[in-house]
Amino acid sequence: DGSEKECNLPFTLIGPHRCEKTAVPNKKHRRDESIGNPISNKRERKDDKRAQKEQKERDKRPRRDMALIPSSSPVASAETTSHQTNSAANGNASSLQGQPPQPQTNGPSSTTTNDVAVSDDMTVNGGDEPATLHGHVHIIQPEEVIVLQGHDTEVYSCSWNPTVPNLIASGSGDATARLWQVPQTGMQVPPPIVLNHLPNLNDNKDVTTLDWDPSGMLLATGSYDGQARIWTPRGELRWVMTQHRGPIFSLKWNKRGDLVLSGSADNTTVVWDPETGDMKQQFELHEKAILDVDWMDNTIFASCSTDKTIYGWVNDANKDMARPRGRLAGNHDGVKQYHYWLRDEVNAVRWDPTGEYLASCSDDKTAKIWSPSQDTWVQEIRGHEMEIYSLQWAPRSSLSSPDIPRILATASFDATVRLWDALSATCLHLLRNHSGPVYSISFSPDAKYLATGSFDEVLNVWNAEEGTLLKTYRGNGGIFEVHFNKTGDKLAACTSNRQVVILDMREESS
């Protein structure tokens, strides 16, 4: 699954070596570890089975892919080199750790041909058939990216400022968030502003989530120790907000920027006043850890949990508190009085750009579309073979015609991403160029491109309309999160190798 493992048995050159491994937790492992005993044994068994299955898939996929590509094709050469490199890395992981850091500049390569030509007859368009390489795929070289270095451990989250297109925030397990000014091509990266999240309430110091307010003047961060904070772009700490008793997994500003919402492993959501740092209301209806929260507008929000439920709330401006909007929960296929019961944990919720529909994804391998105007789901989306970890709606203007399909992207532990016409549950494209769990996806602001990041260390950029691969970059760490900036000319990926990688997208967006 892309996590670092340490073998406890001696190595021998005589006969095959079978590792006895101790895993270093990745992002989902850390999240599940903090939730506690009710699901820990089940999760460990599931993760072990998943790791075994994914290792078999990784072993088979290079052979399967090579069978599709002519031996004379540059793609075949690239895939062979990549596979050999990975094999060498597995045999001697310390050699990777000893490599010098990548330079923090961005410049074109003068000696390497980066475009790979692929024949049209290799493309399968739409539906449940995989969208494969088409036309010219740009293999991004290390010299073409900007690497932001400075964090001491994994970088779990990143977020571009909504008004300053070259300002990005990153959050790490080293108890810091950092504010970076991303330079133009070939220029030196200036030192970041470091936002120290110390002292901690306990030994857990990860900065797990962060979000800019709509004006770009305030940054909210959430930590594994349960504290939320408000910062200025100059690195000044406004407030430390302490109410949660467990890790904060999700934190969002409302559309107006006058409320902050947080969801925690302590089973509660909290609405904060960013002007004073005070808690306005705490909600305790969930029975287990809250994994995600999202605002529909300035008053209505949704939360989802490992208790297999989704709650919808509306904030009452006249009473300075919130009341239940409805409970969308539990068995992802039965309904009783706003109780939408799902079959398994609900990993993420997202309102569509118009606020008419709420999408959710679950460990039951499905996504569902909900509407506040009816008691049951509008549509059930099936097709993935493993848990769906993340989902994103394609950007959509309020002036868009109602006839234009509402496009939803889903990312799964089955190593694929799918693009859907959400209201008809039609799979438009199956995007398959990863060999590990896909943790994060991001649409460009104009919805033309979709970025996908996986723990296989690969970042892909796709044409969202055609479902074809445009660019691909292989880093040296699993990718936790990807994010386009507001103008769509830069794409960020934060990694397990303590880095934030910046891709220049101006060529594709022009």
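Based on the mean of other beta carbon atoms within 10 Å per residue, what is the order of 190-198, 226-234, 494-502, most packed first?
Listed from highest to lowest mean packing, they are 494-502, 226-234, 190-198.
For Asn196, what is the net charge nearby, where nearby means another residue's Cβ is under 11 Å from its Cβ and Lys, Arg count +1, Asp, Glu -1?
Taking every Cβ under 11 Å from that of Asn196, the sum is +2.
Roughly what would the spin-label model give for Leu285 and Asn166, points 7 Å off Cα along C-beta, in nm?
Taking the two extended label points, one gets 4.7 nm.
With the contact rule set at Cα under 8 Å and sequence spacing of 6 or more, what percent relative contact order holds for region 221-300?
Averaging sequence separation for qualifying contacts and normalising by length gives 25 percent for region 221-300.
To the nearest 0.05, what FRET efficiency results for Thr242 and Thr487 with a Förster distance of 51 Å applied to their C-beta separation?
Efficiency for this residue pair is about 0.90.
Rounded, prolate or oblate: which fits region 220-276 when a ≥ b ≥ c are the square roots of the eigenvalues of the alpha-carbon gyration tensor, with rounded for a/c under 1.5 and prolate only if a/b beats b/c?
oblate
How far, in nm, would the chain grow between Asn202 and Thr426 when pulled straight, counting 0.36 nm per residue and subtracting the alpha carbon separation?
76.0 nm
Please state, to two decimals, what the Cα-based radius of gyration of region 193-301 comes to when divided by 2.2 N^0.38 Å (N = residues).
So the Cα radius of gyration is 0.98 times the expected 2.2 N^0.38 Å.
Decide, for region 375-486, between rounded, prolate and oblate: order the square roots of the alpha carbon gyration tensor eigenvalues as a ≥ b ≥ c, take rounded if a/c falls under 1.5, and otherwise choose prolate if a/b is larger than b/c, else oblate.
oblate
Give the peptides 284-292, 445-453 in descending order of average Cβ contacts within 10 Å, highest first.
445-453, 284-292
Just how many % of Cα pairs in region 435-477 lie over 16 Å apart, if you round to the nearest whole percent?
Looking at region 435-477, the distances longer than 16 Å represent 34 percent of pairs.
Every read-out reported here was derived from the displayed coordinates using simple, explicitly stated rules and does not represent laboratory data. Predicted model only: the values in this text are computed from it and were never measured. Methodologically, a virtual Cβ is constructed for each residue, glycine included, from the backbone with ideal geometry; neighbour enumeration extends over all protein chains shown.
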